[in-house]
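Trainee: Submitted below is the structure of interest, expressed as structure tokens.
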Amino acid sequence: MTHVLIIDDEREVCTFLEYFLSSKGFTVKTAFSGQQSDLLIDQHTFQLAMIDVKLPDTDGFTILKKLKEKQPHCKVIVMTGFSTVKTAVEAIKLGANDYIEKPFDDLDQLEALIDEMLSNDVSIVQNEAKRLAQEVGFITGNNEEMEHLITIAYKIAKKNINVLIQGETGTGKEVLAKYIHEASRRANETFLGVNCGALSESLLESELFGHEKGAFTGATQLRKGLFELANSGTLFLDEIAEASPAIQVKLLRVLETREFMRVGSEKIFRTNARIIAASHVNLEEAVIEKKFRQDLLYRLNVVKLEILPLRKRKEDIPLLINYFLEKYDAKHLTFTNEAMELLENYHWPGNIRELVNVVTRAITLSEGETTQITKDYLPRSIQNAQNTEIEEKIEVKKSFLDPINSREKTWKDPNFNNLKKYLDQWNAELLLYWQSEQTIPLEIIKEKIKELENVTGKAFIKKALISTMGNRKEAAKLLKITPRQLRYLLTEKKHYTQ
């Protein structure tokens, strides 16, 4: 016999659900307050609970926590109004299995949700979530936080709500977006993506909304935009923070009305595309700095998922390497213990993308030579990273202990030598790629350029901090940036300081 607990202060809702579920053969108990629910949870065992988010004497979160503590195997559906969907998603993060919006317009959907909830074991859902993640290439490894992320993403994938993915460059935001698409009811529809920072304002507008023939110079034929092409599917807006203010206004209109016009047209089109946006920039910070619209962030941030940087899940590096070796048909290769130790100790400013490039490089350079990837097949930046990091920490400490001469020492200390050594090595490595007879993926070259930007940026920031004895305000003046921008570089772009 299935026992169900209904908790809602609206008696009509309780009466309706009691009748509906009793007709399915379930034993139903109802509570109209937190106090009543506490008594029922203490006295009975339930297989399913349906909890309203708002109650007169408590909230759904409090009841959810108590229920999960006393009856961890009880499935929970959170009931919510449309305006509190974001709250319901937070409940899912706390352990709820799903949510449903009131009023219950579609009884078939409600019945299907309840039947699915009671028939599926939690471990089965988790295993399916991990299987699909492996299939699309989003490897969670053994990190508990990443496994929780995948479970949350799997649960919200089936909901028709916008998702915001945040994480450092190279952590796999687009792969997570594809995972959400594949786990959703739109899996058989189109998944399209665009990098908002890679196109000019006019090109991005045309890419998103399409254009009519003759709308501008070079528009020789009609072109449908991504909102039109991804209708009923998923549209991934990568680096959304890079969109211009004008594009942000147009995006806001689409999200609010689901309507848009092609460039050069007065005809209104509608779209049902699900939006998944991503950014390596903290959008809340961008709103404060007046670089991003708050109302657009509100529309995008119905659910926010944050991906851990690779340096916070280094235990997964061997698993990730094995996955990439298998993916590139190089299972015959193995990394030596020394090489693996270097990889596990490296700080990975480029995250998963950098790891992919390192593995691809090792496969390319070792082809026909060996089946053992030694440290010599790794980039010099990784080989020297550990020693360089120790030297830099020692020199920074020395400079603070000897503040009088710190300015004069700036270009004489090992920090300058380290930068010069890195630039020489970077130049030599890029030339090695150029001279190679084998084709080198362009993505590797692009990552090397990003790495150069990160390392040189780190060096100049560190130089400014040393010169000012750690005074961030003075360091910002030397760098010709605002203290807020410097704080952002030190906190959000953590690879500048690691």
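The values are calculated or read from the model by the stated rules, or taken from the named source; none is laboratory data. All figures in this text were calculated on a predicted structure; none of them were measured in a lab. Note: ideal-geometry Cβ built from the backbone for every residue, glycine included; neighbour counts use all protein chains shown. Accessible surface areas use protein heavy atoms only, side chains included; no ligands, DNA or RNA. Shrake-Rupley method; radii C 1.70, N 1.55, O 1.52, S 1.80 Å.
Trainee: Give me the residue from region 260-293 that is farther than 12 Å from residue 240 by Cβ and touching a Ser or Thr at 6+ places or on another chain (Cβ under 8 Å) and, out of that set, most open to solvent (accessible area, probe 1.4 Å).
Mentor: Filtering region 260-293 for residues that are farther than 12 Å from residue 240 by Cβ and touching a Ser or Thr at 6+ places or on another chain (Cβ under 8 Å), the one most open to solvent (accessible area, probe 1.4 Å) comes out as 272.
Trainee: Let me ask another. Which count do you get for residues in region 208-223 that are surrounded by fewer than 19 Cβ atoms within 10 Å (Cβ to Cβ) and touching a helix residue (DSSP H, G or I) at 6+ places or on another chain (Cβ under 9 Å)?
Mentor: Step one: of region 208-223, the residues surrounded by fewer than 19 Cβ atoms within 10 Å (Cβ to Cβ) are 212-223.
With touching a helix residue (DSSP H, G or I) at 6+ places or on another chain (Cβ under 9 Å) added as a condition, the list becomes 215-216, 219, 223.
Residues meeting the conditions: 4.
Trainee: Considering only region 322-371, how many residues are surrounded by 19 or more Cβ atoms within 10 Å (Cβ to Cβ) and among the small types (Gly, Ala, Ser)?
Mentor: 4
Trainee: A further question on this structure: Would you please name the residue that is modelled with the lowest pLDDT, looking only at residues in region 365-375 that are part of a loop (DSSP other than H, G, I, E, B) and over 15 Å from residue 433 (Cβ atoms)?
Mentor: 368
Trainee: What is the number of the single condition among (1) closer than 24 Å to residue 36 by Cα; (2) surrounded by 17 or more Cβ atoms within 10 Å (Cβ to Cβ); (3) touching a helix residue (DSSP H, G or I) at 6+ places or on another chain (Cβ under 7 Å); (4) not basic (Lys, Arg) that residue 89 does not meet?
Mentor: (1)
Trainee: Ok, one more. Residues that are in a strand (DSSP E or B) and more than 18 Å from residue 455 (Cα to Cα): does region 341-358 have at least one?
Mentor: No, region 341-358 contains no residue that is in a strand (DSSP E or B) and more than 18 Å from residue 455 (Cα to Cα).
Trainee: Residues that are at pLDDT below 80, in a loop (DSSP other than H, G, I, E, B) and either open to solvent by less than 70 Å² (accessible area, probe 1.4 Å) or among the acidic types (Asp, Glu) (or both): does region 399-409 have at least one?
Mentor: To start, the set of residues in region 399-409 that are at pLDDT below 80 comprises 399-409.
Applying the additional criterion that residues be in a loop (DSSP other than H, G, I, E, B) yields 402.
Those left that are additionally either open to solvent by less than 70 Å² (accessible area, probe 1.4 Å) or among the acidic types (Asp, Glu) (or both): 402.
There is at least one residue in region 399-409 that is at pLDDT below 80, in a loop (DSSP other than H, G, I, E, B) and either open to solvent by less than 70 Å² (accessible area, probe 1.4 Å) or among the acidic types (Asp, Glu) (or both).
Trainee: Taking the residues in region 28-59 that are open to solvent by less than 40 Å² (accessible area, probe 1.4 Å) and in contact (Cβ under 8 Å) with a residue 40 or more places away in the chain as candidates, determine which candidate is farthest from residue 90 (Cα to Cα).
Mentor: If we take residues in region 28-59 being open to solvent by less than 40 Å² (accessible area, probe 1.4 Å) and in contact (Cβ under 8 Å) with a residue 40 or more places away in the chain, then 46 is farthest from residue 90 (Cα to Cα).
Trainee: Also, I was wondering about something else. Just to be sure before I move on: is residue 226 open to solvent by less than 10 Å² (accessible area, probe 1.4 Å) and either out of contact with any His (no Cβ under 9 Å at 6 or more places or on another chain) or touching a residue at least 40 places away in the same chain (Cβ under 8 Å) (or both) in the structure I sent?
Mentor: no
Trainee: Just to verify a result, which residue in region 432-482, among those that are basic (Lys, Arg) and touching a residue at least 12 places away in the same chain (Cβ under 8 Å), is nearest to residue 356 (Cα to Cα)?
Mentor: Looking at the filtered set, the residue picked out is 448.
Trainee: Among the helices (runs of 4 or more DSSP H) contained in region 1-109, which hold 3 or more residues that are of a type in the set (Lys, Arg)?
Mentor: Where helices (runs of 4 or more DSSP H) fall fully within region 1-109 and carry at least 3 residues being of a type in the set (Lys, Arg), they are 60-70.
Trainee: Looking only at region 92-110, which residues are touching a residue at least 60 places away in the same chain (Cβ under 8 Å) and open to solvent by 60 Å² or more (accessible area, probe 1.4 Å)?
Mentor: Within region 92-110, just 107 meets the criteria.
Trainee: Scan region 175-187 residue by residue and report those that are more than 19 Å from residue 130 (Cβ to Cβ) and surrounded by fewer than 21 Cβ atoms within 10 Å (Cβ to Cβ).
Mentor: Narrowing region 175-187 to residues more than 19 Å from residue 130 (Cβ to Cβ): 185-186.
Once the filter is applied, which keeps residues that are more than 19 Å from residue 130 (Cβ to Cβ) and surrounded by fewer than 21 Cβ atoms within 10 Å (Cβ to Cβ), region 175-187 yields only 185.
Trainee: Something else now. Considering only region 312-319, I want to know if a residue exists there that is within 22 Å of residue 238 (Cβ to Cβ), surrounded by 17 or more Cβ atoms within 10 Å (Cβ to Cβ) and in contact with a Leu (Cβ under 7 Å, 6 or more places away or on another chain).
Mentor: Among the residues of region 312-319, not one is within 22 Å of residue 238 (Cβ to Cβ), surrounded by 17 or more Cβ atoms within 10 Å (Cβ to Cβ) and in contact with a Leu (Cβ under 7 Å, 6 or more places away or on another chain), which makes the answer no.
Trainee: Now, a different point. Which condition number does residue 381 fail, the rest of (1) at pLDDT 65 or above; (2) open to solvent by 40 Å² or more (accessible area, probe 1.4 Å); (3) part of a helix (DSSP H, G or I) being met?
Mentor: Single failed check for residue 381: (2).
Trainee: If residue 60 passes every condition in (1) in contact with a helix residue (DSSP H, G or I) (Cβ under 8 Å, 6 or more places away or on another chain); (2) at pLDDT 90 or above but one, which one does it miss?
Mentor: Among (1) in contact with a helix residue (DSSP H, G or I) (Cβ under 8 Å, 6 or more places away or on another chain); (2) at pLDDT 90 or above, residue 60 violates only (2).
Trainee: Could I ask something else about it? Go through region 446-476 residue by residue and tally those that are part of a helix (DSSP H, G or I) and more than 15 Å from residue 381 (Cβ to Cβ). It would help to see each step written out before you state the result.
Mentor: So in region 446-476, the residues part of a helix (DSSP H, G or I) come out as 446-467, 472-476.
From the residues that got through so far, the ones that are more than 15 Å from residue 381 (Cβ to Cβ) too are 446, 460-467, 472-476.
Residues meeting the conditions: 14.
Trainee: Quick one: which residue in 330, 362 is assigned to a helix (DSSP H, G or I) and either without any contact (Cβ under 8 Å) to a residue 40 or more places away in the chain or of a type in the set (Lys, Arg) (or both)? Let's see the steps before the verdict.
Mentor: Working: 330 fails: assigned to a helix (DSSP H, G or I).
The conditions single out 362.
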